[in-house]
Each structure stands twice: as structure tokens, then as C-alpha cells.
Amino acid sequence: MFKRHFDGFFKISNLAHIVMLQFAQDEIHKPESGGVLLGRHIVNTKNIVVDRVTTPMPADRQARFRFFRSRNAHQQVIDQVWQESKETCTYLGEWHTHPESVPTPSLVDQFDWRRKLMFDRFSEHLFFVIVGTYELRVWEGRFRCSSLFPLEITN
């Protein structure tokens, strides 16, 4: 669980966490991977829960130090989950891997995240997860604001 910059908590379910860890770049042949975060805003709180994630799809492009997520394939999953959940499970942000123990966002990551914060359509906040070989880290951003805030791990 992580303490949010703007109050509340950000939690990744065990299932979503396990799925992302399966793609950790802990071996030299593993390419960068990623997908989207899907989950819930907990009513009457500032808490967010990631229930599931998408994983690399055939239209995505993967290399050791690069991941390009195809928009349409992942959007179909977002739309399907939204309908199946009766509009309670929504797009919360993105995740990807890095071949480093404690991941930090590259300049490309930061540019891409800021572009999403400025131009994409979503609720109030987006979250960005990077899965390293030893640690998973999370950043939070607000709609129409280019600042990114690292979240602190809490017990």
C-alpha cells in the first residue's frame, strides 16, 4: 500500500501485483512490458484500489528498453471491464517494467506521463507504476497539471 500525495491510500491488489511481477525484467532476455491499471475509487474516501491490470498484447511493441502500448487493444479491455463492473472499475493509469532494481522514470516516461495528464480524458488523478527487478514504485499526477509525485510505501 502507498500513501497518496493528495491524501488517502493507493493499493494494488495481490492479483494485480502478482501479474505485474511476472513481467519483471529479472533476466537479460525479458523485454520491457506494460499495460493499464484498472480499479476503483473507494466511496467517501480518497482511497484507490487497483483490482487488475492489462498485460502486453500482440499489437504492443516490446524491446529490452522500450514498451509501446497499442491504444485500441487495451481500450477494448477498459471498455469491457467498465461495462461488466456496472461502471465501478475504471482506468486508473499505466504500468510498465524497467530492468533496474529500484526503478526511476526515464525522460521519455516523464514526457509521456505529463502528456497524458494534460491531454487524456480521465477523472482527477492518474497513477504510473514502474516494476523494477527488486522494487515497485508509483507516481501520481493530477488532471491538467504537469507535476508528478512519488508515492511513499506504507505498512
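Only the coordinates and a few stated rules stand behind these numbers; no lab work does. Not measured: the values here are computed from a predicted model. Counting neighbours? That spans all protein chains shown, and the Cβs are built from the backbone with ideal geometry, glycine included.
Please compute the contact order of the chain in relative form: average sequence separation of alpha-carbon pairs under 8 Å and at least six residues apart, divided by the residue count, as a percent.
Values: 319 pairs, mean separation 37.6, N = 155.
Value for the chain: 24 percent.
Are there any GluC sites (Glu not before Pro) in the range 1-96 that are in a DSSP loop and have at most 15 other Cβ atoms within 10 Å? List them by number.
Numbers: sites: Glu27, Glu32, Glu84, Glu87, Glu94; in loops: Glu27, Glu32, Glu87.
Hits after loop and neighbour filter: Glu27, Glu87.
So for the chain, Kirkwood radius off the Cα pairs, Stokes-Einstein at 10 °C and 1.306 mPa s: how many µm² s⁻¹?
Numbers: Rh = 15.6 Å.
Approximately 102 µm²/s, per Stokes-Einstein.
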Practice problem: Work through the residues other than Ala59 whose Cβ is under 13 Å from its Cβ and net out their charges, Lys, Arg +1 and Asp, Glu -1. | Solution: +2
Quiz item: If one computes the Cα centroid of the range 102-155 and of the range 15-65, what distance in Å separates the two points?
Solution: 13 Å
Self-check item: Ranked list, fewest to most other Cβ atoms within 10 Å of each Cβ, for Asp79, Asp51
Solution: Asp79, Asp51
Quiz item: Near the amide H of Gly93, under 5 Å away, which other amide H atoms are found, from residues 5 or more places off or on another chain, if H is placed in the peptide plane?
Solution: Leu37, Phe127
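Of the lysine pairs in the chain, how many meet both conditions: Cα atoms under 25 Å apart, and a spacing of 8 or more in sequence or different chains? Walk me through the intermediate numbers first.
Working: Lys3/Lys11; Lys3/Lys46; Lys3/Lys116; Lys11/Lys46; Lys11/Lys86; Lys11/Lys116; Lys46/Lys86; Lys46/Lys116.
Here the count comes out as 8.
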Quiz item: Whose amide H sits under 5 Å from the amide H of Leu151, counting only residues 5 or more places off or on another chain, with H placed in the peptide plane?
Solution: Val138, Trp139, Glu140
Quiz item: Can you list residues whose amide H is under 5 Å from Gly34's amide H, if they're 5+ apart or on another chain and H is modeled 1.01 Å from N?
Solution: none
